[in-house]
């Protein structure tokens, strides 16, 4: 795999160099800036890593076609962590010691990201992670940034909507996994801030076939809304069971099911469910004055034209990571400390995921506008306006 | 009361699923003394075949059902022919490990064939859920319970009333003696594999509408079915049914009255306890002395 990846990258680099066109002479004169990428390209998390890798390759080509950065072309060095922290550490060391990259983007998931954070702190090289875990940038580490939204923002979006509709008592049902546990922690932690009381807390296993028992228990406590926190297929089973039990209170899902797959699995049981999602899912529904509309439309068009596959929010994390690095690279002359300092000063950067405002205290830099609430209506997404 | 009834319905639905899977384990065990750990994968193959044939190719349900069951039976026969019979020293442990290997292989093949995503199919009948004293029961649950009962009855008839069934039982009691008396024991083993695969496929087809089907659904279901078979007394059809229903109801009462995060722990603790008191399972007492 590794050697074939190298050959592939070599070919890619050659292609991007020749594709340089009018700037080819300038590019030849300047040393390329090497950017590393570590993604879960294969394995169970390939749904994250595969679009991230494809996006990185696409953006590198795009930047080089425009003449690179300060005349330097970009060169991507991508490794596959397979979602394994040990492999991520090996690749991180290799990127820093033998590939001599000046910045790295990825990894795709929280465990691999946390495993390599100390290496980047030690080597004083900027890392822009594409994983969601809040622990990656909290507490803040000088050289570590991330582009994926924290769960806390999704919870805030849900709770704000509840507050607007006068909901006071809620029940929660979460999947027994790292994702569900993190969601539960945030749901419980934030509830009092929005005047909410959690009257029932249940969990389910990712592979459970029936959740009516848990939902019956929640129903007994008479909540005014139910929040389900999980990734497919569990929440789809919950949706079917809610329909079966005739539960009529509003059901909120997490952004973990924000894909057309959820609607396909749950069918008409998904009707009227509410969930927070990154704007990419509903890009065509956004009003024209939305600051992200242009960048979203461009990314979706470029990606689907190039790869002939549907776009996802995960590739967007890589899109933002590389564009952020590219912005910080300008005028840095490849100096790692300068890149880091420039990253920390990024302000009002409009990306696919949201608008980034990095500060010395916040290395995720996203605000609540990174999530919008959507409702499922007639098997389609609908922006929630009320 | 309303809650209790709902927990009971939910438990019976899940329990009937475990029961059909346990039946497949039990049937193969009683004919060959072999625990087939690929049983859960037969369930998965049945469910995913139905997804392709019914939702994908829009075949009528009965035809999709028959083709799926027949296809998975053939997979069972192939497993027996290619992997089990060809073993030179058929030590039980070797054979069990072969079935574990087969389950990993089948899972991998299914991942390539159907992809990593989950799939869902609609219910067999479009009737809305039944409302009984405030608790709801899905029509599909009745399908599961009904077909399970029919399969058990058919198996009972097969073992007790037909010559082939009796020959299979004879083969299970003493393979050598049976073959001296003219029972084609190898063919009986093959038939047992085909039948247990078919029962597994039926379980998969029945549960497909209530849950989501994916290439990795077999492992957990196989494990629960195995527990149910052990609980009821492996080798006994009635034991498999009783064990499955008991496990399902215990799980859902555990969720309802104790905690959903301890769901599996409660069920498995009770399993340990029952096996401690009755090591051969609830219905297994007579079986132990048979050999």
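In table form, for the structure just shown:
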quantity: Helices (runs of 4 or more DSSP H) lying entirely in the range A:15-119 (those with 3 or more residues that are in contact with a helix residue (DSSP H, G or I) (Cβ under 7 Å, 6 or more places away or on another chain) and modelled with pLDDT of 90 or more); calculated: A:46-65, A:85-97
quantity: Leading residue by the ranking (modelled with the lowest pLDDT) among those in the range A:210-225 that are buried (at least 22 other Cβ atoms within 10 Å of the Cβ) and either within 7 Å of chain B (Cβ to nearest Cβ) or in contact with a helix residue (DSSP H, G or I) (Cβ under 6 Å, 6 or more places away or on another chain) (or both); calculated: A:210
quantity: From B:208, B:197, residue being touching a residue at least 12 places away in the same chain (Cβ under 8 Å) and within 14 Å of chain A (Cβ to nearest Cβ); calculated: B:208
quantity: Matching entry among B:221, B:191, B:262 (being within 14 Å of chain A (Cβ to nearest Cβ) and under 20 Å from residue B:34 (Cβ atoms)); calculated: B:221
quantity: Lone qualifier among B:148, B:136 - being assigned to a strand (DSSP E or B) and surrounded by 18 or more Cβ atoms within 10 Å (Cβ to Cβ); calculated: B:136
quantity: Residues being away from every other protein chain (no Cβ under 14 Å) and part of a helix (DSSP H, G or I) - total across the range B:3-40; calculated: 12
quantity: Where residue A:312 falls short, out of the listed (1) closer than 20 Å to residue A:170 by Cβ; (2) within 14 Å of another protein chain (Cβ to nearest Cβ); calculated: (1)
quantity: Residue selected from the range A:178-209 under the condition under 20 Å from residue A:266 (Cβ atoms), free of Cβ contacts under 8 Å to residues at least 60 places away in the same chain and in contact with a helix residue (DSSP H, G or I) (Cβ under 8 Å, 6 or more places away or on another chain), by the criterion surrounded by the most Cβ atoms within 10 Å (Cβ to Cβ); calculated: A:204
quantity: Residues satisfying the stated conditions in the range A:237-268, i.e. within 8 Å of chain B (Cβ to nearest Cβ) and under 16 Å from residue A:202 (Cα atoms); calculated: A:237
quantity: Count - residues of the range B:101-129 that are surrounded by fewer than 18 Cβ atoms within 10 Å (Cβ to Cβ) and assigned to a helix (DSSP H, G or I); calculated: 8
quantity: For residue B:233: the one exception among (1) away from chain A (no Cβ under 14 Å); (2) in contact (Cβ under 8 Å) with a residue 60 or more places away in the chain; (3) farther than 19 Å from residue B:143 by Cα; calculated: (2)
quantity: Some residue of the range A:257-278 being farther than 30 Å from residue B:207 by Cα and assigned to a loop (DSSP other than H, G, I, E, B); calculated: yes
quantity: Condition check for residue B:271: in contact with a helix residue (DSSP H, G or I) (Cβ under 7 Å, 6 or more places away or on another chain), at pLDDT 85 or above and either within 14 Å of another protein chain (Cβ to nearest Cβ) or under 24 Å from residue B:5 (Cα atoms) (or both); calculated: no
quantity: Residue match in the range A:290-311 (condition: assigned to a loop (DSSP other than H, G, I, E, B), at positive phi, touching a residue at least 24 places away in the same chain (Cβ under 8 Å) and buried (at least 18 other Cβ atoms within 10 Å of the Cβ)); calculated: no
quantity: Residue B:252, sole failed condition from (1) at the interface with chain A (Cβ under 10 Å from one of its Cβ atoms); (2) on the phi > 0 side of the Ramachandran plot; calculated: (2)
quantity: Set B:49, B:86, B:26, B:10: member being touching a residue at least 60 places away in the same chain (Cβ under 8 Å) and within 23 Å of residue B:187 (Cα to Cα); calculated: B:26
quantity: Given (1) in a helix (DSSP H, G or I); (2) more than 24 Å from residue A:375 (Cβ to Cβ), number of the condition residue A:334 does not satisfy; calculated: (1)
quantity: The range A:295-318, residues that are touching a strand residue (DSSP E or B) at 6+ places or on another chain (Cβ under 9 Å) and under 17 Å from residue A:39 (Cα atoms); calculated: A:313, A:317, A:318
quantity: Condition broken by residue B:163, with the remaining ones in (1) more than 14 Å from chain A (Cβ to nearest Cβ); (2) modelled with pLDDT of 90 or more; (3) crowded, with 16+ Cβ neighbours inside 10 Å satisfied; calculated: (3)
quantity: The range B:1-51: number of residues that are within 15 Å of residue B:231 (Cβ to Cβ) and touching a strand residue (DSSP E or B) at 6+ places or on another chain (Cβ under 8 Å); calculated: 0
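The values are calculated or read from the model by the stated rules, or taken from the named source; none is laboratory data. Just so we're clear, the structure is a prediction, and the values are computed from it rather than from any experiment. As a convention, Cβ positions derive from the backbone with ideal geometry for all residues, glycine included, and neighbour counts pool all protein chains shown.
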